[in-house]
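These notes concern the structure reproduced below.
Please treat every number below as a calculation from the coordinates, not as lab data. Because the structure is predicted, anything quoted here is derived from the model rather than measured. Note that we place each Cβ from the backbone using ideal geometry, even for glycine, and neighbour counts take in every protein chain shown.
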Amino acid sequence: MVYLNHAAVAPLSFRVRDAVDRYQTRRALKGIEPYPWILKTVQETREMLANMISARADQIAFVLNTSDGLNIIAQGLDWQPGDRVLLNDLEFPANVYPFLNLRRRGVEVDVVSLVDIMDQMDVVDAIAKQITDRTKLVSISHVQFLTGAKANLAAIGKFCRERDILFAVDAIQSLPHTALDVERDCVDFLACGSHKWMMSDMGAAFVYVGDRALARIQQASLGWTSIENSFDFSLRPDELRAGAARFENGTMNFAGITALRASLNFFFEFGLREMERAVLDLTGYLIDRLEQRGVEVVTPKPESERSGIVSFNFPDAQKVFERLQSRNILISIRQGRLRVSPHFYNTEEEMRKLMVGLFE
């Protein structure tokens, strides 16, 4: 199989599979109660995630998925009728519905049209023009799932910070293979699932909650592990945990976190910057060859504006997609376009097989 569909769902490495097998075996035998031994895994995973985005471990919390994470900030801010959220028209629904749901509270959702804008500074300018004095939050994907365009987080984040607007990022299409520094980029809140490029399992994700966001988010939901010293079962609803972990409301997906730690260990061994270089080389290689054949590539070509997704228009896209699938070359079709998303372990030889399959 030539697997080039990491922007949808990634395969599990044997390391991840074996780590989960060990976890489940221990749970099935003498380690039936996991809390005495699993919290070390949780903390180590928290620290690795923090390291990946230049955050502190106490700013990381585990959630179920990206939507679950974004709902923390969507439901947690002190919204007043007439307050505004700024989105754009290229977002995956996970970064839209949590904010559309605020309309019932009188919140206005503004949508910037980015369909015909590819230059990232023009994107920043388009966002700036839509800001009002009631804009409370801007949310954007680091890498867009349809076009593969990479947002200039630093420019958008700086603009928001100067105006005291919170800046949220959906990072599911960029981490771990795309450099992201939450301090440099002025990111206040970030959500990322682990079943795509993180090459882990479903139902495990994380959020980063910056200090500015933590100070403004009210606890929209509360559970027994949201409380400091939670194994003291006396009722103390006002004694919230000091950092982002207050949003972990109860028993977590420990198997999923175990899988995520194993995957992160693999990535850190290879090197995150080396991983980014490998992915950029593969997508650049593919873009060059597609353009040589006269294919209209939607994804920006400059390395500063792309990452692991290459999206392009192709004649009879559905038939070509099905033909590739029948030959065990797996990509995606999204809104009539073909989308290829190689990871760091894919090879140029696999890109060549894809090209042969496209032009048979």
(message) Using Cα-Cα distances under 8 Å and only pairs 6 or more residues apart, what relative contact order does the chain have, in percent?
(response) 23
(request) Using 0.36 nm per residue of separation minus the Cα-Cα distance, give me the extension gain between Phe359 and Arg104 in nm, one decimal. (result) 86.8 nm
(request) Any chance you could get the radius of gyration and Dmax over the Cα atoms of the range 14-268, in Å? (result) 18.6, 60
(request) Starting from the range 211-254, pick out the chymotrypsin sites (Phe, Trp or Tyr not before Pro) whose DSSP state is loop and whose Cβ has at most 15 other Cβ atoms within 10 Å. (result) Phe231, Phe233
(message) Ignoring everything except DSSP H segments at least 4 long, calculate the 222 nm mean residue ellipticity for the chain; use -39,500 (n - 2.57) per segment, divide by total residues, nearest 500.
(response) -11500 deg cm²/dmol
(request) With θ set to phi - 60°, apply the Karplus curve 6.51 cos²θ - 1.76 cosθ + 1.60 along the range 91-100 and write out the HN-Hα couplings as whole Hz, x wherever there is a Gly or Pro. (result) 6, 5, x, 4, 9, 10, 4, x, 8, 4
(message) Whole angstrom only: what separates the Cα centroid of the range 25-102 from the Cα centroid of the range 296-359?
(response) 30
(message) Considering all alpha-carbon pairs of the range 114-166, what whole percent are spaced by more than 16 angstrom?
(response) 37
(request) Could you grab the relative contact order for the range 63-192? Cα pairs under 8 Å, six or more apart, rounded to a whole percent. (result) 25
(request) Write down the percent of antiparallel bridges among all DSSP beta bridges whose residues are both part of the chain, to the nearest 5. (result) 50
(request) Between Glu322 and Ser230, with labels modelled 7 Å along Cα→Cβ, what's the label distance in nm to one decimal, could you check? (result) 4.8
(request) Quick one: which residues, 5+ away or cross-chain, put their amide H under 5 Å from the amide H of Arg334? H built at 1.01 Å from N. (result) Arg339
(message) If you average the C-alpha positions of the range 118-175 and of the range 274-292 separately, how far apart do those two centres end up, in angstrom?
(response) 25
